[in-house]
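Values quoted throughout were computed directly from the atomic coordinates according to the rules given, and no laboratory measurement underlies them. Values in this document were obtained by computation on a predicted structure and should not be read as measured data. Ideal geometry is used to build each Cβ from the backbone, glycine not excepted, and the neighbour counts take in all protein chains shown.
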């Protein structure tokens, strides 16, 4: 009987998923260099929806071009991105499948910098050790603009008719770069204690909730 639980609905405060089979975020460079999406991504996601999963969590979706991990990923950094994500969501919803967008920002950890990312933004000015991309510590204005970019990304996801957002807070990307005491060497209110290092993430969550209240799923 316990095995049957996986096929029971999964209820969140503002979202019900038809079963407990979720397609985790899977990466793939399907899209165009400028951040616009294409049919290949829609077809890819639709395969999982057709297969019966209850919800799909997208691969990382950058909230700004400067926050891309690699080029050729669909972004959510401008309003003209909304129609693509709306088309993708509508295709997935045809199979009673939910779609949750994973909002992301690479910070200094990028696999391919792209021509517009000669210097990445981070919690620190120390270069990322794996690929060696140069970076600079974010100013207070940079932080405020990035917090707003996450909130606007969530707004666009909702306007596209998607079912929620997930914040990418792992794998060494920007949120991790603030949280980690091994990376974050700031001396202001965003560095030092755990409370300070968590400030950026908490401001992102608060900005999303202030914009949309409790009617949109953010996890």
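Any idea which of 154, 144, 149 is closer than 25 Å to residue 82 by Cα and touching a helix residue (DSSP H, G or I) at 6+ places or on another chain (Cβ under 6 Å)?
So the residue among 154, 144, 149 that is closer than 25 Å to residue 82 by Cα and touching a helix residue (DSSP H, G or I) at 6+ places or on another chain (Cβ under 6 Å) is 154.
Which members of segment 49-72 meet the condition of being in contact with a helix residue (DSSP H, G or I) (Cβ under 8 Å, 6 or more places away or on another chain) and either under 18 Å from residue 111 (Cα atoms) or surrounded by fewer than 21 Cβ atoms within 10 Å (Cβ to Cβ) (or both)? Steps first, answer last, please.
Of all residues in segment 49-72, those in contact with a helix residue (DSSP H, G or I) (Cβ under 8 Å, 6 or more places away or on another chain) come to 49, 56, 58, 61, 63-64, 67.
Those that are in contact with a helix residue (DSSP H, G or I) (Cβ under 8 Å, 6 or more places away or on another chain) and either under 18 Å from residue 111 (Cα atoms) or surrounded by fewer than 21 Cβ atoms within 10 Å (Cβ to Cβ) (or both): 61, 63, 64, 67.
Provide a single number: the residues in segment 99-113 that are over 18 Å from residue 23 (Cα atoms) and surrounded by fewer than 24 Cβ atoms within 10 Å (Cβ to Cβ).
5
Step by step: first the residues of segment 22-36, then only those that are touching a strand residue (DSSP E or B) at 6+ places or on another chain (Cβ under 8 Å) and surrounded by 14 or more Cβ atoms within 10 Å (Cβ to Cβ), then the one that is nearest to residue 63 (Cα to Cα). Which residue is that? Let's see the steps before the verdict.
To start, the set of residues in segment 22-36 that are touching a strand residue (DSSP E or B) at 6+ places or on another chain (Cβ under 8 Å) comprises 22-28, 35.
Imposing the further condition that a residue be surrounded by 14 or more Cβ atoms within 10 Å (Cβ to Cβ) reduces the set to 22-23, 25, 35.
Details: 22: 23, 23: 22, 25: 16, 35: 10 Å.
Out of the qualifying residues, it is 35.
Out of curiosity, is residue 169 at negative phi and part of a loop (DSSP other than H, G, I, E, B)? Don't jump to the end; show me each part of the working.
Numbers: at negative phi: yes; part of a loop (DSSP other than H, G, I, E, B): yes.
In short, yes.
Restricting to segment 21-51, give me the number of residues that are more than 16 Å from the chain's Cα centre (by Cα), part of a loop (DSSP other than H, G, I, E, B) and under 26 Å from residue 11 (Cβ atoms).
Going through segment 21-51 one residue at a time, the tally reaches 2.
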